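Here is the structure we will look at, set down as structure tokens.
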Amino acid sequence: MAILLKNQKDLEGLRAANKIVAAALDYAEEFIKPGMTLLEVDKKIDDFITSKGAYPAFKGLYGFPNAACLSLNEVIIHGIPDNTILKEGDILGIDLGSRLNGYYGDSARTLPIGKISKSDEELIACSKDALYHAIDTIKVGMHFKELCLAIEQFIRARGYVPLYGFCGHGIGKKPHEEPEIPNYLEGNNPKSGPKIKNGMVFCIEPMICQKDGAPVVGADKWTTTSKDGLRTAHYEHCLAVVNNKVEILSKSLKD
């Protein structure tokens, strides 16, 4: 399937949708604290996105029941909010989306709950730093597989491993479009497959495991942990390639 190139109208729609996503994550950073339940966090995110005139894009998507994927501690992605109470020292991955005027936004951050351990700080930093390393690496004309390899090498150099079987993705008038962008090289040849072009919009999302990146999907068909059962981290930005430069559409409004 071809990778869709976005025109100016598309880019404006995607900027607006992702601005809401960024604002929702900024808001979550402000209000989250020990003692809240995951369902309370989800409700506040849902209400915030709705208050901006958008729809929480994950709600009902492929059957997902809530506005945000809330992935606590060992859960790396697709955590379903429940009555679990946040505690000091937890780490929480928040992955959320918006749909506005037919366009989608998507971004994720892993947040500390109160004071966390140094090892958890380093784990979160790897995910965030891998994302920004990827952004700095992107060049028009390079193969997506070269980008995947660069992400994998960065993660492994920090002493971690990527989650297998899940990936970043294109985005536009659908929440998931071509291409798929794993955080590791598939196959042996990074100089193969599609190349990055101006007008492409896609999400990069490093998902970091500590020892074993094999995924384990729970009985609910959503909640995903790594085989090692250790804590994990996840960061994601929605990016546009415009005039040979990378624009971070989901950039924090505080930056």
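Things worth noting here:
- Flag if K9 is of a type in the set (K, R) and surrounded by fewer than 16 Cβ atoms within 10 Å (Cβ to Cβ): yes
- Selection status of Y164, in contact with a Cys (Cβ under 7 Å, 6 or more places away or on another chain), within 21 Å of G93 (Cα to Cα) and of a type in the set (F, W, Y): no
- Close Cβ contacts (under 7 Å, 6 or more residues apart or on different chains) running from residues in the stretch 1-16 that are within 14 Å of L249 (Cβ to Cβ) to residues that are among the basic types (K, R) comprise L14/K6.
- Here A150 passes the criteria (1) in contact with a strand residue (DSSP E or B) (Cβ under 9 Å, 6 or more places away or on another chain); (2) more than 24 Å from P56 (Cα to Cα); (3) buried (at least 18 other Cβ atoms within 10 Å of the Cβ); (4) without any contact (Cβ under 8 Å) to a residue 60 or more places away in the chain except the one numbered (1).
- E236 passes every criterion in (1) within 12 Å of D106 (Cα to Cα); (2) in contact with a Lys or Arg (Cβ under 7 Å, 6 or more places away or on another chain); (3) acidic (D, E) apart from (2).
- Residue tally, condition touching a Ser or Thr at 6+ places or on another chain (Cβ under 8 Å), assigned to a loop (DSSP other than H, G, I, E, B) and of a type in the set (A, V, I, L, M, F, W, C), over the stretch 64-96: 2
- Residues in the stretch 7-58 that are in a loop (DSSP other than H, G, I, E, B), closer than 18 Å to C203 by Cβ and in contact with a helix residue (DSSP H, G or I) (Cβ under 7 Å, 6 or more places away or on another chain): A54 alone.
- Residue within the stretch 98-112 that is free of Cβ contacts under 8 Å to residues at least 40 places away in the same chain, outside any strand (DSSP E or B) and either more than 17 Å from P206 (Cβ to Cβ) or out of contact with any Leu (no Cβ under 7 Å at 6 or more places or on another chain) (or both) present: no
- Count - residues of the stretch 63-90 that are among the hydrophobic types (A, V, I, L, M, F, W, C) and either at pLDDT below 95 or surrounded by 24 or more Cβ atoms within 10 Å (Cβ to Cβ) (or both): 5
- A residue that is in contact (Cβ under 8 Å) with a residue 24 or more places away in the chain, among the β-branched types (V, I, T), in contact with a Phe, Trp or Tyr (Cβ under 9 Å, 6 or more places away or on another chain) and under 22 Å from S252 (Cα atoms) occurs nowhere in the stretch 27-35.
The values are calculated or read from the model by the stated rules, or taken from the named source; none is laboratory data. All values derive from a computational prediction rather than experimental measurement. Glycine gets a Cβ as well: all are built from the backbone with ideal geometry, and neighbour counts include every protein chain shown.
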